[in-house]
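Accompanying notes for the structure given below.
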Amino acid sequence: MEMSGRITAVLEARGGTSARTGNSWKVQSYVLETEEQYPKHLCFEVFGEDKINLFNIQVGQVLNVSFDIDAHEYQGRWYNQIRAWKVEPVQAGAPVAQPIAQDPFAAQPAPAAPAAPAAPVAPVFDNTPDETSDLPF
């Protein structure tokens, strides 16, 4: 999925060591606010110190974020996870992409007014008698 907006918060990075592999890991979360009439907020995370450094996300940047959504269960409760896999700056002057999922209650643009029908063209009648016609008029 993909969403665009302005970064409003950079949260504290978390890290640790994997109990299974013994490798260290690092994850950082960010808050993105869409630029719509009624803005939405999305908290997503970037996993891996290399990607965190590569993306170098700062507060105030307008970004286009591609992400995956997954959920996992822990002690009988379910938690969503939104993990970014690609982050690109939005080009200056380019329109900000709208979210893929549309809110059914969001304001929809008014339909375009139908074009006015063209004025009818009056037929032209020639009242001169014609010798080839057998019509009386």
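Coordinate-derived values only; no laboratory data. Note that the coordinates shown come from a computational prediction; the quantities given were computed from them, not determined experimentally. Cβ sites come from the backbone with ideal geometry, for glycine too, and all protein chains shown count toward neighbours.
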Across segment 48-71, the tally of residues that are farther than 19 Å from THR8 by Cα and either among the polar types (S, T, N, Q) or in contact with a strand residue (DSSP E or B) (Cβ under 6 Å, 6 or more places away or on another chain) (or both) stands at 5
Checking ALA19 against (1) free of Cβ contacts under 8 Å to residues at least 12 places away in the same chain; (2) in contact with a Phe, Trp or Tyr (Cβ under 6 Å, 6 or more places away or on another chain); (3) not in a strand (DSSP E or B), which test does it fail?
-> (2)
Taking segment 14-70 and keeping only residues that are among the β-branched types (Val, Ile, Thr) and either under 18 Å from SER4 (Cα atoms) or surrounded by 15 or more Cβ atoms within 10 Å (Cβ to Cβ) (or both), one is left with VAL27, VAL31, THR34, VAL46, ILE52, ILE57, VAL59, VAL62, VAL65, ILE69
Mind listing whichever residues of segment 28-50 are without any contact (Cβ under 8 Å) to a residue 24 or more places away in the chain and either assigned to a strand (DSSP E or B) or within 17 Å of PRO89 (Cα to Cα) (or both)?
-> SER29
